[in-house]
Structure formats: C-alpha cells, structure tokens
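The values are calculated or read from the model by the stated rules, or taken from the named source; none is laboratory data. Just so it is clear, the model here is predicted, and its values are computed rather than measured. Ideal geometry is used to build each Cβ from the backbone, glycine not excepted, and the neighbour counts take in all protein chains shown.
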Amino acid sequence: MKQEDLNSLLNDLSLTEKVGQLIQLSGEFFQSKDISFGPIQKLGIPDKLVDLSGSIMNVTGAAETQKLQKQQMAKQPHHIPVLFMADVIYGFKTIFPVPIGLGATWNPKLIKQAFMVAANEAAVSGNQVCFAPMVDVTHDPRWGRTLESPGEDPYLNSCFAKAIVEGLQEQLSSKKGQAACVKHYAAYGAVESGREYNLADMSISNLFQNYLPPYRAAVESGCKMVMASLNTLNGVPATANKWLLTDILKKQWGFNGVIISDYASVYELIKHGFAADNEDAAYKALNAGIDIDMKSPVYANGLQELVENGKLSINKIDDACMRILQLKNDMGLFENPFFGASKKEEAKYNLNPANRKLAREVADEAIVLLKNEQHVLPLSSTEKVALIGPYSNEKSLIGMWAVHGDPNDCITIRSALSTALGNNLSYAQGTDITRDKKMLAGLGFLDSAQIDQIVSDDEIEKQHHQAAIAVAKKADIVVLAVGENTFESGEAGSKTNLHLPQNQINLIKDIHNLGKKIVLVIISGRPLVLTDIVQDVDAIVESWFPGTEGGNAIADVLLGKVSPSGKLSMTFPITEGQEPLYYSQLSTGRPQKGSQHTGRFVSRYIDAPNEPLFPFGYGLGYADIQYRDVQLEHSSISKSDSLHLSVELVNDSPWEQKETVQVYFHDNVASIVQPVKRLVAFKKVTLPTQANKKVTFSIPATDFGFFDNHGQKILEEGSFQIFVGSNVNDVITKTFRIV
Ligand code: NOJ
C-alpha cells in the first residue's frame, strides 16, 4: 500500500479500531490452539475489542493462521490483517541448542543461518513476527532465563543480536523469514539475586556499558520490534519508562518500529505500585512509548476513555497505531495477508534434512569440552562403552523454551552412539533425572500424582542402580549422561542450588568408586556447580539442551567425528555463594592479588576462592592450540587510529581444530573504574592439522572507550593492557597507549 493510502486508512479508523490495533491477545480468545506460556487469567476484554485486536500471539500452523486471518479480517470494518507473533527462541520445528549454547559457538555467522531456518519454518507455518533475539546480558546462573541468553558479555551478545536480526529478517521482501523483536529491554538479565521478575538497579555507566549495547546492536541492524522487560530499572518499570523507551530508544537510537510490552506487564504496573488503576496504567505505558499491550486488559479498557476525557491526546494513539500499520505494510500484509503461510511448504520445509544437518552442525559447535584427562576422549572404537544415566535414552533434549518443537523428533544419545558402536555399547538408565519431590513441586505446575510419575518408586530405583553398576563393571569406560530437568531452567526457573541432583551425584560417585573411567555428558540450561564431582570424572562434555539433533552432535564429539570447539560464554562458579560471578568485574582497591594489604583485609571469601571453576571463554578441543608471538604494530595510537595486532597459532596435532581467539583489554587509569578485563574482539578460525596460522585484528581506538554516568561514551588517553588468548585467563599480555 502506498504511504498516502496508509495515512488515509489511519484517518478513516474509528477510535475503537485504533485501540484494537494496540491490543495483542492469544489463541484462546479466538477458539484457537494456544501454546502461550505464562499466567492465565480471565482478562475481561470486551468482545468488540477481541474482534478488533491487531495481533495474535503463539498461534501457528499454516491452515490455522490462514483460517484465523480470514475470520479476523472479515470482522474488522477496514479488513486490516492481523500480525501473528510467536516465541521462536531457538528454532521452530527444527530445534537448535538453547541460546546459552548458541553463545558457546562464538560463531555469529553460523547462528545467523540457524535463525534464517527458524524464521522460514515459522513463516511457512503462518507466523510473521518472532519474539527474538533475547540478548539480556546476565551474570547470574541462578536466573533460569540464563538458558535464553547468549551469555554474560555485552560485546559477544551484541554480535549475536546483529546476526540473529539479520538471519530473521534478511528475506522478508521475498515473504520469507520473520520480523525480529529484540528483548527484554532493558537490563532484565540483571534481576537482583537471580530471582525471576525481580528488580534491576544499577549505575548509568554500568547500564550503558554492560546492558544496553546488545539491544542497540539489534536496533542498528534494523530490528522491527522491541519488547520492554518485566522488571523495574532503578525503580521505574521498563513498561512505563519514558526515558528508556522514548528518550533513549526512539530519540537517541532512532528506533521507529513497534514497541510491545511483555506478557501482562502493562497491567502489572498496578501490582508494582506504579499505577493506580487500568486507566492510569494505560496512560503511563502509552505515554512512555508502549505501542502494543500484550495480554492485559489495560489498553482495551482504559485508552478509549482517556482520549474521550481529554486526558490523552489522540496523537499518541495515532502514533502507536501507525507504527503497527506501517509494520504490516512493510511486510506486504495488505496485499498478501498470509505472508509465507503455506500448507504445502510447511509439510516440505519444516524439519527437512538440510535443517536437521544445520542443527547438528550448530550443536557440534555449541558443545564445550570442560575436562579431558589423559585424552580419555574421543572414545576408541575398540573400547567397551557403558552408556549410563537418565539422559542416555531421553528425547527431551530441546529445553523449556522450544514451545513449537517436539521432543519426539529428537535423536537420543543412545541411538546415535549405538549406530557407531554396535555391540560395544551397553546401556542402563541408572537413576531418574531427579528424585527431589520438593523441587518438582516448586516448578509450580505439577500435582503430586504427576510428581509420583516422574519419580520412580524406591524399589525400581534400586533396580536401576544395581543394573547400572553391573553394566559399568563390564565396560572399559562409562559415558554418564546427566543433567537438569527441562523445567528447572527457562522462564520462572530461578534456583539457589545449582548442583546436579543428589541422586545423579550418588550414581557418579558409585561408578567412580568402581575405578572406571568416566565421561560426564551434561544436559543443562545454565552453568552448574560441578565442584563436588569434577574430580570423580575424567572428561566433562557440557552439551546444554542441544536440540533436535542433540544425540548426533554429542556422538560426533564423543567419537571424534568433530573436535569440540565450544567456549563458555558464561562463567562456571565453584559455589553458588560466589554469584553473581563474571569475568569483567571492576578493579577493587584491595585485590586479592597485588594489594598492599596482606591476609584478611583484601577482597576475598574466607571459605571459597574468588576464581571460577571454569572461566569465561574456556573450552578444550582435541588439539592443543599454542599461542605465540603476539605483536602490536604500534605501541601507541591516536584516538582516530586502530590498534593492529597479530598472534600466531600453532596446531601440532593430527586434528583439524576450530579455535576462537579472544582479545581483552584493561584501561589502566580511567575517570570511572574499569573492569579487570573486557572482551573487545574475537575470531573463530579453523586450523588444519599440523599447521600454523597468523590471526590479525584491527580494533578502532574508540572501542577502548567507556560510558560515563551521563550515558556518554568517552575515550581517555593513557596506558592500556591488551590480552590475547584462548580464554579470559590463558592470555599473553602486551601494553599500548592511546595518545
Ligand atoms: C513472557 C516472556 O517474558 C517473553 O520472553 C515472551 O516473549 C512472552 N512471554 C510471550 O510469550
């Protein structure tokens, strides 16, 4: 539709029709199958506004969406098509690893391809907007949504934000892909004590330096939508935060797309004690910049009256409405309201072999090898392998937020290994995933009968245990597949105990006591505390929730079809008491190492080290890559120059190895205290067997700047350290100056 036609459409709409565009409801309002995940309650939305609602969430399927589109367009006086939006967080039908695993690939190019596939699958099934990328920087694995984030680093998350937006949106003009909706703006990953829906409170410098960059990267990559977060930021709910939504996002960053609230968060302004009632909440959210009210009764019941009473200018409604119409028009919905939906394509494209192949490749790169004593991995084809543990034969490998995926499409570890190992593979379940009934009750949706189904009775558990010990005794090596229950991570999955479940720890210890070599395969949606078992096992393969092709990818690594190349994008702590533990902490005046004070009065714990169990950026391969000869082209650069540096990598192994070279820096003296290290660049390169490779970087001086407490970026002259290495701790250090 031409712009002038769009403008006259807006002029033609009644106030009620305009308000309708600003409302998003889920499938149950339209007698459709609804897979929304969130609190359910009667909203009290007038039928008229249900009919006029501008977008529908989490209804998918080509036939279903086409039917609904026709039905809704017929009900609307101006026949405006609805937008179908959905959570396609890391795959639609072909499920990729959870985002904390995507982060571990350090391979944004590959992840861009993954999101192209995810968006194309969703589009043929009738979906046009994707509630991703989620790029909340998070420092605290107690927060269940750690699963959904690429990790703890603003620069790394920014690279993924860009890649994901490009992957989702690149093919929009050919009716493929989806419009992206970056979330959760802002600083949701900083919720205090890792507790879900809690507050975030921080300095402006911290906000601009560490939390805002990934959202900004998404906006700069052309992201069409932004979702406000559920938390308060410095006391103001993000949903009604005019400074965040209008001053920074729209005015400073030039965002002119659509801003949507998170699920029910406009209504929650009342619960926060920030708004008195529906009308007040509607006013505050719209005035701050929220265009669409997701799944709350507030806009539906409050906006019309506000305008009619003269408390809210119609221009505000028009602005919000136009943003939504504009998006519909940009996507060509007025000409083709079904966008990419096609029953034929849906049957052909979703979960096709090429999509599965890509999911396997991504999962291969997401796996992080944390330990490999005496090169116990890869397994040799002549070894007798016992595959034991509750995840060995389990199809639930897709994690909590793959709501459109089906675990039945997953390849199990057992089936993948048995293809390769045949009679050399034996199997026993060993134990349940968890036997902790209290924790299962804490998940909040299981009744005691359901819990009893998950936890086997004691006699069966004993038999499982004995069978596992018998199988282990006959084997040369034991692969133990353990991990979290799917619902222990993800939204509303905050936890204070990050250890493996006790029944799994007992199994590990008992098998260790047999004197067997153990390869521990972990399925999890967050960094766990592995301190109590790390010495009992010979190898640790962190596989996250690896997705549809998870079993194949784990087998690829165990059998040496690929050398693992994943590196942690989040620190693994020694104990939960260290949290939030992240590598880029600010320098303290009393560092544990290098302070003028000795003994007690330095920054440390009396009962635990400061260091993590496994640091940021860490991950082993089968080849041991050596770093040498770091060179800076100039030891001093001007503010408009770039720092050129090179490093030589040596692979003297028989393995081809993908290696992520990481560059960090420290600003030695600054007007705001700076982190001990900050990631500023990285490159993932492939080293052929027995080869050397020179890797070069060119880093603009401005990247060494920082944000002050007014949100202004500044670059100060002075001396800096630069660190080049295979993880944040294993580095070669050089110094340079900015003059
Ligand atoms: C709530 C979650 O916070 C958000 O990430 C999600 O996109 C919406 N629900 C819609 O399902």
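Details
- Residue within the range 365-378 that is out of contact with any helix residue (DSSP H, G or I) (no Cβ under 7 Å at 6 or more places or on another chain) and assigned to a loop (DSSP other than H, G, I, E, B) present: yes
- Matching option when the condition is surrounded by fewer than 23 Cβ atoms within 10 Å (Cβ to Cβ), within 16 Å of the ligand (Cβ to nearest atom) and either among the charged types (D, E, K, R) or closer than 29 Å to His78 by Cβ (or both), among Lys271, Lys242: Lys271
- Looking only at residues of the range 633-660 that are in contact with a helix residue (DSSP H, G or I) (Cβ under 8 Å, 6 or more places away or on another chain) and of a type outside the set (A, V, I, L, M, F, W, C), we find that the one that is surrounded by the most Cβ atoms within 10 Å (Cβ to Cβ) is Lys658.
- One residue alone among Phe92, Phe84 is among the aromatic types (Phe, Trp, Tyr) and out of contact with any strand residue (DSSP E or B) (no Cβ under 7 Å at 6 or more places or on another chain), and that residue is Phe92.
- Residue among Val673, Val685, Val728, Val663 that is within 26 Å of the chain's Cα centre (by Cα), hydrophobic (A, V, I, L, M, F, W, C) and outside any strand (DSSP E or B): Val728
- Subset of the range 471-530 (residues that are in a helix (DSSP H, G or I), surrounded by fewer than 21 Cβ atoms within 10 Å (Cβ to Cβ) and among the aliphatic types (A, V, I, L, M)): Val471, Ile505
- Residue match in the range 73-86 (condition: under 17 Å from the mean Cα position of the chain (by Cα) and either surrounded by 24 or more Cβ atoms within 10 Å (Cβ to Cβ) or of a type in the set (Val, Ile, Thr) (or both)): yes
- Unique match (being among the small types (Gly, Ala, Ser), within 15 Å of His184 (Cβ to Cβ), surrounded by 24 or more Cβ atoms within 10 Å (Cβ to Cβ) and under 30 Å from the mean Cα position of the chain (by Cα)) among Ser265, Ser296: Ser265
- Within the range 571-581, tally of residues that are buried (at least 22 other Cβ atoms within 10 Å of the Cβ) and part of a loop (DSSP other than H, G, I, E, B): 3
- Residue list for the range 630-660, filter: closer than 19 Å to Phe720 by Cα and among the acidic types (Asp, Glu): Glu633, Asp641
- Looking only at residues in the range 143-167 that are polar (S, T, N, Q) and within 16 Å of the ligand (Cβ to nearest atom), the one that is nearest to the chain's Cα centre (by Cα) is Ser149.
- Inclusion of Gly525 among residues that are within 16 Å of the ligand (Cβ to nearest atom), closer than 22 Å to Lys437 by Cα and in contact with a Lys or Arg (Cβ under 8 Å, 6 or more places away or on another chain) is not warranted.
- When restricted to residues that are on the phi > 0 side of the Ramachandran plot and either without any contact (Cβ under 8 Å) to a residue 12 or more places away in the chain or within 12 Å of the ligand (Cβ to nearest atom) (or both), the range 168-197 contains 1.
- Any hit, the range 431-445, residues being over 25 Å from Thr496 (Cα atoms) and either in the same structural domain as Gly515 (by TED's automatic domain parsing) or touching a His at 6+ places or on another chain (Cβ under 8 Å) (or both): no
- Restricting Leu207, Leu249, Leu245 to residues that are under 28 Å from Ser489 (Cα atoms) and either among the hydrophobic types (A, V, I, L, M, F, W, C) or outside any strand (DSSP E or B) (or both) narrows the list to Leu207.
- Of all residues in the range 411-426, those that are assigned by TED's automatic domain parsing to the domain that holds Leu480 have Cβ atoms under 7 Å from Cβ atoms of residues that are assigned to a loop (DSSP other than H, G, I, E, B) and basic (Lys, Arg), 6 or more apart or on another chain, in Thr412/Lys395; Asn424/Lys384; Ser426/Lys474.
- Single residue of Ala132, Ala114 found to be touching a residue at least 12 places away in the same chain (Cβ under 8 Å), in a helix (DSSP H, G or I) and crowded, with 23+ Cβ neighbours inside 10 Å: Ala114
- Flag if Ala74 is without any contact (Cβ under 8 Å) to a residue 24 or more places away in the chain and either more than 27 Å from Tyr155 (Cα to Cα) or within 16 Å of the ligand (Cβ to nearest atom) (or both): yes
- Any hit, the range 695-707, residues being assigned to a strand (DSSP E or B) and in contact with a Phe, Trp or Tyr (Cβ under 8 Å, 6 or more places away or on another chain): yes
- Every pair of residues 6+ apart whose Cβ atoms lie under 7 Å, when the first sits in the range 641-666 and is closer than 10 Å to Gly621 by Cβ while the second is surrounded by fewer than 22 Cβ atoms within 10 Å (Cβ to Cβ) and acidic (Asp, Glu): Ser653/Asp624
- Residue match in the range 311-331 (condition: acidic (Asp, Glu), within 16 Å of the ligand (Cβ to nearest atom), modelled with pLDDT of 95 or more and in the same structural domain as Pro237 (by TED's automatic domain parsing)): no
- Selection of the range 105-142 for residues being in contact with a helix residue (DSSP H, G or I) (Cβ under 8 Å, 6 or more places away or on another chain), of a type in the set (A, V, I, L, M, F, W, C) and away from the ligand (no atom under 16 Å from the Cβ) yields Trp106, Leu110, Ile111, Ala114, Met116, Val117, Val124.
- Pairs with Cβ under 6 Å, 6+ apart, first in the range 210-239 and closer than 19 Å to Val129 by Cβ and assigned by TED's automatic domain parsing to the domain that holds Glu268, second within 14 Å of the ligand (Cβ to nearest atom) and in a helix (DSSP H, G or I): Ala228/Ala238; Ala228/Thr239; Ser229/Tyr188; Ser229/Ala238
- From Asn120, Asn127, residue being in the same structural domain as Ser149 (by TED's automatic domain parsing) and part of a loop (DSSP other than H, G, I, E, B): Asn127
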